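So the structure is just underneath, and the comments pick up after that.
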Amino acid sequence: MPMTYKSPLRDLRFVYYELFDGDELARLPGFEDATQDTVEAVLEEMGKIASEVLQPLNGPGDEQGCRLENGAVRAPDGFRDAWKLLREGGWMGLTARPEYGGQGMPYSVGVAASELMIAANLSFSMYVFLTHGAYDALDHHASDELKEMFLPKLVDGSWAGTMCLTESQSGTDLGLVRTRAVDAGDGAWKLTGSKIFISAGDHDLAENIVHLVLARTPDAPPGIKGISMFLVPKLRPEGGRLVPNGVSCPSIEHKLGIKGSATCVIDFDGSTGYLVGEPHKGMRAMFTMMNAARLHVGVQGLALSEAGYQAATAFARERLQGRALTGARYPDQEADPILVHPDVRRMLLSIRAFNEGARALTAWIAMAIDHAESDPDPARREEADDLASLLTPIVKAFQTDLGFEMANVALQVHGGYGYVREYGIEQVVRDARITQIYEGTNGIQALDLVGRKMPAHTGRALRRFFHPVSEFLAAESGNEALAEFTGPLAKAVDRLQRSTLWLATESMKNPEQAGAAATDFLHLFGWTALAYLWARMAKVAQQKLADGGTGLSAEERAFYDAKLRTARFFVERLLPRTSGHFANLMSGSRTMMEFPDSAF
Ligand SMILES: Cc1cc2nc3c(=O)[nH]c(=O)nc-3n(C[C@H](O)[C@H](O)[C@H](O)COP(=O)(O)OP(=O)(O)OC[C@H]3O[C@@H](n4cnc5c(N)ncnc54)[C@H](O)[C@@H]3O)c2cc1C
């Protein structure tokens, strides 16, 4: 039973247009074309490409992997044609500005389209995603001259992009970067150094590759404050031609998953580069790329979990083993499908309740990013920016930790068939694992949350989350029908508030308290955010089903009914995890920090 993928378009419509007011997007200046009809047509079209073109390439791409031949990397067979198809359809510039040839769609629409592309083929999506990332960073920080020269090429997909941060001695700690940039005197720089683990670092999908490289100038202060960002093309445009620029790929990694995505060592040998933004402010520029990238990696967690859910439900319907505990459900068959067993249902509903909650959380933050960038009201811009920056590390780390967990649960539903290659689910598990590591490990996301995002502006960002949640709880306090959702939500919020207070006081006394609590705090926050969104989704479903859902088609009634049932499963079966995280984090750092180094 090979894997197939069907885009969750109905659920996306629910999230964008029933839970949230997606029509607001079309009221933002520049996004007038992003009406519901257009957005849904875009997603439907991407859904078709995902199911019919990208998903069939996923398994073969994993089998074949990338190849390094005569110093050039070849992506798996079929990736070039898929890239061409996306180029010709204008997909590379879906969210890029029209002045550079883009379609000018809101960021949140790009995020929804990405979910579909990733679920079908994470490896392929990496080439597209890095190109979008490079576009974003240049759009925000490069000079007009660089923009005019490079952006139209990235937008039409004739050139692709990368982000080159990591070196062998410099992973999490980017202050250790050694790649050097020397002023060439003509407005350009000469870069020398070696980067490792560079996704899409070299390949044959595009005619040129634009590397965004972190490097150190000779006068740079040591550490992170001395890092600058440079644009270094693989081939340098000169007199209407593209000439080699001292950029080479001596090797590629052999790895657990995303085998169709080339992970390259990239050497720069006196390569010509151009400064992006101000000298020594490279981290600021790179953060633009990294923040968007972090949210995007959170989408990867959700997307792979969705791929897992679809495979696991299809399998659970077909696989006949045992009988329902209350007696044969399908007596005319040799055995019942495993879907009848409570433990299998526990697994399937865990994945589903996470997926639908994470889809709502992702959309909430993606729409906030659109408002932060484009809302004419400065107060609304600030509010949206605070919320997005607070919740970005949560979307990245929570959604990828859970994405991996849920992909694994989906494999478990398959029993032994999950462990063998032909069913495809083992690839989903292997592919999902990297999402917890790159773009800043999940441990680092948790430290970012407690150390930077929470204290920012004396807790202003935190209030952007707590205020709407408290307002919702107050407004619904008399709503008996919703109490089964708001009651558990209020308890989770209370735990989150108490641990926030605990963290604020304890970390002043001893920073290791915050370090030890960070991951549990991030997960407590993630589950609480999902509980808020699930309560709101349950409210929407209840409203639609009021008076027995008269006027709704049977299919629509079933959709809202399932939404409500999934909400119930969420509060009863997943939300209690907040108690464990709360107890863990409140126990402090003592047991780990008093353990002698020599005893490990
Ligand atoms: C397949 C793949 C693709 C990648 N793509 C790219 C890319 O396109 N561009 C790019 O530049 N890089 C890329 N990377 C690199 C990736 O971002 C790094 O691997 C990652 O940031 C972690 O760095 P590291 O591997 O050196 O681990 P380390 O930094 O050595 O971390 C090891 C462990 O220590 C923990 N740790 C480290 N420092 C701290 C601290 N201060 N506090 C608490 N815990 C800490 C980490 O959480 C981790 O668990 C890629 C990596 C892989 C494997």
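The values are calculated or read from the model by the stated rules, or taken from the named source; none is laboratory data. Fair warning: this is a prediction, and the values are worked out from it, not measured in the lab. So basically every Cβ, Gly included, is an ideal-geometry build from the backbone, and we count neighbours across all protein chains shown.
Looking at the range 216-231 only, could you name the residues that are of a type outside the set (Gly, Ala, Ser) and in contact (Cβ under 8 Å) with a residue 12 or more places away in the chain? Steps first, please.
Quick first cut of the range 216-231, residues of a type outside the set (Gly, Ala, Ser) only: 216-219, 221-222, 224-225, 227, 229-231.
Residues satisfying the conditions are ARG216, THR217, PRO218, PRO221, PRO222, ILE224, LYS225, ILE227, MET229, PHE230, LEU231.
Residue under question is ALA546, and the condition is that it be more than 29 Å from the chain's Cα centre (by Cα) and either part of a helix (DSSP H, G or I) or more than 27 Å from LEU462 (Cβ to Cβ) (or both); does it hold? Break it down into steps so the answer makes sense when it comes.
On the way: more than 29 Å from the chain's Cα centre (by Cα): yes; either part of a helix (DSSP H, G or I) or more than 27 Å from LEU462 (Cβ to Cβ) (or both): yes.
Taking the combined requirement at face value, the residue satisfies it.
Do the conditions hold for ALA481, that is, is it away from the ligand (no atom under 16 Å from the Cβ), under 16 Å from SER389 (Cα atoms), aliphatic (A, V, I, L, M) and in contact (Cβ under 8 Å) with a residue 60 or more places away in the chain?
no
Quick check on the range 502-543: of everything there that is of a type in the set (D, E, K, R) and either closer than 19 Å to ARG577 by Cα or within 16 Å of the ligand (Cβ to nearest atom) (or both), which residue is farthest from the chain's Cα centre (by Cα)?
In the first step, residues of the range 502-543 are kept if they are of a type in the set (D, E, K, R); the result is 506, 509, 512, 520, 536, 539.
Within this subset, residues satisfying the condition of being either closer than 19 Å to ARG577 by Cα or within 16 Å of the ligand (Cβ to nearest atom) (or both) are 512, 520.
Numbers: GLU512: 28, ASP520: 20 Å.
Filtering the range 502-543 for residues that are of a type in the set (D, E, K, R) and either closer than 19 Å to ARG577 by Cα or within 16 Å of the ligand (Cβ to nearest atom) (or both), the one farthest from the chain's Cα centre (by Cα) comes out as GLU512.
Checking the conditions here, which among ASP448, ASP494 is more than 23 Å from THR566 (Cβ to Cβ), charged (D, E, K, R), within 16 Å of the ligand (Cβ to nearest atom) and modelled with pLDDT of 95 or more?
Of ASP448, ASP494, the one residue that is more than 23 Å from THR566 (Cβ to Cβ), charged (D, E, K, R), within 16 Å of the ligand (Cβ to nearest atom) and modelled with pLDDT of 95 or more is ASP448.
Which one of these does GLU383 not meet: (1) within 16 Å of the ligand (Cβ to nearest atom); (2) in a helix (DSSP H, G or I)?
(1)
Any idea how many residues of the range 195-226 are within 16 Å of the ligand (Cβ to nearest atom) and over 28 Å from SER125 (Cβ atoms)?
3
Would you call ARG294 part of a helix (DSSP H, G or I) and either closer than 18 Å to GLN436 by Cα or in contact (Cβ under 8 Å) with a residue 24 or more places away in the chain (or both)? Break it down into steps so the answer makes sense when it comes.
Numbers: part of a helix (DSSP H, G or I): yes; either closer than 18 Å to GLN436 by Cα or in contact (Cβ under 8 Å) with a residue 24 or more places away in the chain (or both): yes.
Criteria met by ARG294.
Restricting the search to the range 392-437, which residues are surrounded by fewer than 18 Cβ atoms within 10 Å (Cβ to Cβ) and of a type in the set (Phe, Trp, Tyr)?
Of everything in the range 392-437, those that are surrounded by fewer than 18 Cβ atoms within 10 Å (Cβ to Cβ) and of a type in the set (Phe, Trp, Tyr) turn out to be TYR417, TYR419.
Looking only at the range 138-194, which residues are touching a strand residue (DSSP E or B) at 6+ places or on another chain (Cβ under 6 Å), within 13 Å of the ligand (Cβ to nearest atom) and assigned to a helix (DSSP H, G or I)?
LEU176
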